[in-house]
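The values are calculated or read from the model by the stated rules, or taken from the named source; none is laboratory data. Here the structure is a predicted model, which means the values were calculated and not measured. Here the Cβ is made from the backbone with ideal geometry for all residues, glycine too, and neighbour counts use every protein chain on show.
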Amino acid sequence: MGRKASGKRKRAEKKDKQLRQEQASGSSFVGASFKRSQVLGSGTQTTKINVRAYAAVPTALNSLPGLPREFTGREDELAKILSMLGPGSGSGAAVGSVAGLAGVGKSTLAHAVGHAALEKGWFTGVQLVNLRGYDPTPISPEDALEALLRALGVAAEHIPPTLDEREGLYRSQLDALTREEQRVLILADNASTSDQIRPLLPARHHAVLVTSRHALPGLGARLFNLHSLQPDAAVDLLRQRLGVADPDDRRVADEPAAADELAALCGYLPLALQIAAALLADDPEQPLSERVRMLTDAGTRLGGLDDGERNLRTVFDECLTRLSHQEADLYRLLGLHTGPDISTLAAAALTGQPADKITPLLRQLVRARLLTQNSQARDRWSMHDLLRVHAQEQARTMMDSGRAPRRRYEQAGTRLTDYFVRHSRAADTHLRPPGEAVSTLFTGREQALAWFDAERENLLASIHTHARTWTASTLGFTLGRYLSWRRRLQDLVTVRAHGLEACQALGDAANLAGAWSNLGNALGKLERYAEALDAHQTALDLFRETGDTHGQAGAGINLGLVLGELERYAEALDACETALDLFRETGDTHGQATAWNGLGLVLGKLERYAEALDACETALDLFRQTGDTHGQATAWSNLGMACRGLGRQAEAISAGENAVAMLTQQEDWARTGEAWAELATTLNAFGAEPAQIQEAWEQSAAAYLRAGNDESAATSRANAAGNTPPGT
């Protein structure tokens, strides 16, 4: 026992001597102790470990690279992140995580945060550690801690071997800095898992900012989602980057439209923009428009974003390496969809899987930053333009290599198209005149309109993708009422033109006349009356050839209304009267109401107000019989004009108010704007109080704004300001 005690004393004296030598040499000692428990068999062994740092704690750290001169467009994001890093952010460690798509500029933003925080004096040092989380061999937490310990002044021979020991020593070093009133910001770049980060988190006082393609929710960090640049900032990045290479480069200023298009083709993604700028800088004589054409050519968009050192396709390929087979398969299938976003139900139709099975996979793609979930409509998902191109390439590669049957992708595309067609047809039934059967897929008109609103751009994309096919023809017919209701008139003309083209390509004689009639109505709504007249005359001739009496009646009333707009009133009146006779022949009460309403309008333009009033009253009665409240509203509006022409003030105002009330109730905001404008004109014609007239014009402007018709809203606002038209 005596010899053992003597040995212990000698070893202790040796350690004390060593410590005094280290202290004399200027090293500071930082001690940390913790217990490590290890289960051995059925028992637990506890070991107490003392950790020492045999190095001076440095007074400053800074491994930040300089910011590129073209760093731009991230002012808001920079301010938000800095708001959590200031000295008043709390006594605990501040931890933030910047997540976003590969190439979106997460690392550069983190560097900018570091520079800004140093300039503000919030930190005495900023230390960058690249975790290479998406490389084939990511940096382990042990290696990351070794790099940080070296930066903190610990010599290699004094860095302990295990993760626990390194973590303890790391935090001890940071605590020493805290006591010296120093604060460090750790930039942990390119992390792929929370496990890479947890050992790097300080206990207090200091801060960590992580960048990752994933959200890393397990960290408990404040999350900052980084998106592509705004269009103006993207163009500015191009301009500045070219200016760095050559201060005299004026290509962006000389070709502003091409610069806008180039930025859009790059998806406003910083990495893509930098690659495009590098290629332009390497060829200073190349016009921006030529680079745009190169990227626009089919199959070359990603191929055209390779400057020899950076390749966007390779970056995106790496994003797929961490996906499961099911997730990668869903990613490729989503590339088949050409619209801007997709609903969960549509994605389920695309894959042939139930919605509850596909939702977890969609969320995994969101976590991998390969999809974005709509913050307002949680059942909608969108993919960056360049990622969609990549997903399409991946699908083609799978088919060409034989790893996936081509028929499987074709069937997926067919399922998605069928979903859009089936739901469009169902929604359209809720916009038809009363008395027709409605689909149970939607509870009513409001839900049907909401579905159309959400899917409008996807439906238009589907028509473009499937031009001259049955899909374009069917959607060309079923979208018309919705687009007319929402006053999406340019879209309406486009859809109707595609529908006509498809009928012609398919040799669909049965629907050809109807397609011409639909196009004529759309052109008329855009006041392209000469073209509308030709379309309606063609439709009428085709209906006559096939002996379709009902079709002739509908084409006749459409022809009459356009002739009226062209001030060919005698012909207009004849066309409307002929249409009325044909509707009577077929026993179509609703058609008769429409014809009487058209007659009233034409008679009013002929200033045959008494006859116009009779026609409008007849139309109103027939619309009531069919239960068409929307038709009643238009009849009330026309009736008000006739009463105004007859000088019947009270009836004219009452009719206008009825039209406004009914259209407002139906939320037909475009026609509500028209009705308010008509009522304002009536009030003005009868010398109403200026405040009452102004209120009507303001209501008209508000309704037009709700309909998205800014031009008409501006006209009504101008009238509200006092520029009212003369009474009629």
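Of all residues in the stretch 318-340, those that are within 23 Å of H464 (Cα to Cα) have Cβ atoms under 7 Å from Cβ atoms of residues that are among the polar types (S, T, N, Q) and not in a helix (DSSP H, G or I), 6 or more apart or on another chain, in P340/S382.
The set of residues in the stretch 620-638 being more than 44 Å from the chain's Cα centre (by Cα) and either closer than 12 Å to L603 by Cβ or crowded, with 16+ Cβ neighbours inside 10 Å (or both) consists of L622 alone.
The residues of the stretch 416-449 that are farther than 22 Å from A348 by Cα, out of contact with any His (no Cβ under 9 Å at 6 or more places or on another chain) and among the β-branched types (V, I, T) amount to a single one, T429. For the stretch 266-289, a residue qualifies if it is touching a helix residue (DSSP H, G or I) at 6+ places or on another chain (Cβ under 9 Å) and surrounded by fewer than 20 Cβ atoms within 10 Å (Cβ to Cβ), and the qualifying residues are A278, L279, A281, D282, D283, P284, Q286, P287, S289. When the stretch 446-456 is filtered for residues that are surrounded by fewer than 20 Cβ atoms within 10 Å (Cβ to Cβ) and under 24 Å from S517 (Cα atoms), the ones remaining, listed by number, are L449, R456.
Exactly one residue out of A257, A253 is hydrophobic (A, V, I, L, M, F, W, C), exposed (fewer than 12 other Cβ atoms within 10 Å of the Cβ), within 26 Å of the chain's Cα centre (by Cα) and at pLDDT 95 or above, and it is A257.
Of the residues that make up the stretch 162-183, is at least one farther than 18 Å from V208 by Cβ, touching a helix residue (DSSP H, G or I) at 6+ places or on another chain (Cβ under 8 Å), surrounded by 14 or more Cβ atoms within 10 Å (Cβ to Cβ) and assigned by TED's automatic domain parsing to the domain that holds A94? The answer is no, given that none of the residues of the stretch 162-183 is farther than 18 Å from V208 by Cβ, touching a helix residue (DSSP H, G or I) at 6+ places or on another chain (Cβ under 8 Å), surrounded by 14 or more Cβ atoms within 10 Å (Cβ to Cβ) and assigned by TED's automatic domain parsing to the domain that holds A94. Look at (1) at pLDDT 95 or above; (2) closer than 30 Å to L323 by Cα and you find that T193 fails only one, number (1).
The single condition among (1) part of a helix (DSSP H, G or I); (2) more than 30 Å from R313 (Cα to Cα); (3) modelled with pLDDT of 95 or more that I186 does not meet is (1). So in the stretch 149-161, with the set limited to residues that are surrounded by 18 or more Cβ atoms within 10 Å (Cβ to Cβ) and touching a strand residue (DSSP E or B) at 6+ places or on another chain (Cβ under 6 Å), which one is nearest to S194 (Cα to Cα)? In this case the residue turns out to be A151. Selection of the stretch 194-222 for residues being surrounded by fewer than 14 Cβ atoms within 10 Å (Cβ to Cβ) and aliphatic (A, V, I, L, M) yields only A203.
Given the structure, is A377 under 21 Å from the mean Cα position of the chain (by Cα) and under 19 Å from A461 (Cβ atoms)? For A377, the condition - under 21 Å from the mean Cα position of the chain (by Cα) and under 19 Å from A461 (Cβ atoms) - is met.
Screening the stretch 669-704 for residues that are surrounded by fewer than 24 Cβ atoms within 10 Å (Cβ to Cβ) and either in contact (Cβ under 8 Å) with a residue 60 or more places away in the chain or aromatic (F, W, Y) (or both) and picking the one that is farthest from T629 (Cα to Cα) gives F686.
Taking the stretch 385-489 and the helices (runs of 4 or more DSSP H) fully enclosed by it, the elements with 2 or more residues that are within 30 Å of D317 (Cα to Cα) are at 385-401, 406-428, 445-465.
Scanning the stretch 123-137 for residues that are surrounded by 17 or more Cβ atoms within 10 Å (Cβ to Cβ), assigned to a loop (DSSP other than H, G, I, E, B) and within 37 Å of the chain's Cα centre (by Cα) yields L131, R132, G133, Y134.
All of (1) surrounded by fewer than 18 Cβ atoms within 10 Å (Cβ to Cβ); (2) under 16 Å from the mean Cα position of the chain (by Cα); (3) modelled with pLDDT under 95 hold for T397 with one exception: (2).
Screening A497, A461 for residues that are under 12 Å from A522 (Cα atoms) and either surrounded by 20 or more Cβ atoms within 10 Å (Cβ to Cβ) or at pLDDT 95 or above (or both) leaves exactly one candidate, A497.
Quick grid of which residues meet (1) at pLDDT 95 or above; (2) acidic (D, E); (3) farther than 27 Å from G435 by Cβ:
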{"position": "A505", "(1), (2), (3)": "yes, no, yes"}
{"position": "R528", "(1), (2), (3)": "yes, no, yes"}
{"position": "G547", "(1), (2), (3)": "yes, no, no"}
{"position": "A555", "(1), (2), (3)": "yes, no, no"}
{"position": "E565", "(1), (2), (3)": "yes, yes, yes"}
{"position": "D581", "(1), (2), (3)": "yes, yes, no"}
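Within the stretch 649-668, residues that are without any contact (Cβ under 8 Å) to a residue 40 or more places away in the chain have Cβ atoms under 6 Å from residues that are of a type in the set (K, R) and assigned to a helix (DSSP H, G or I) in these pairs: A652/R644; L663/R671, counting only partners at least 6 apart in sequence or on another chain.
A quick yes/no check of all residues on (1) crowded, with 21+ Cβ neighbours inside 10 Å; (2) within 20 Å of S228 (Cα to Cα):
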residue: L350; (1), (2): yes, no
residue: L387; (1), (2): yes, yes
residue: A391; (1), (2): yes, yes
residue: A404; (1), (2): no, no
residue: R415; (1), (2): no, no
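Scanning the stretch 293-316 for residues that are among the acidic types (D, E) and loosely packed, with under 14 Cβ neighbours inside 10 Å, we see that the one that is nearest to R388 (Cα to Cα) is D297. Condition test on E146, is it more than 22 Å from G114 (Cα to Cα), assigned to a helix (DSSP H, G or I) and of a type outside the set (S, T, N, Q)? For E146, the condition - more than 22 Å from G114 (Cα to Cα), assigned to a helix (DSSP H, G or I) and of a type outside the set (S, T, N, Q) - is not met.
Which ones in the stretch 302-337 are polar (S, T, N, Q) and modelled with pLDDT of 90 or more? Answer for the stretch 302-337, where residues must be polar (S, T, N, Q) and modelled with pLDDT of 90 or more: N311, T314, S324, Q326. The one condition from (1) of a type in the set (A, V, I, L, M, F, W, C); (2) at pLDDT 95 or above; (3) assigned to a helix (DSSP H, G or I) that I342 does not meet is (3).
Of all residues in the stretch 504-540, those satisfying the criterion of being closer than 16 Å to I463 by Cβ and buried (at least 24 other Cβ atoms within 10 Å of the Cβ) are A515, N518, L519, A522.
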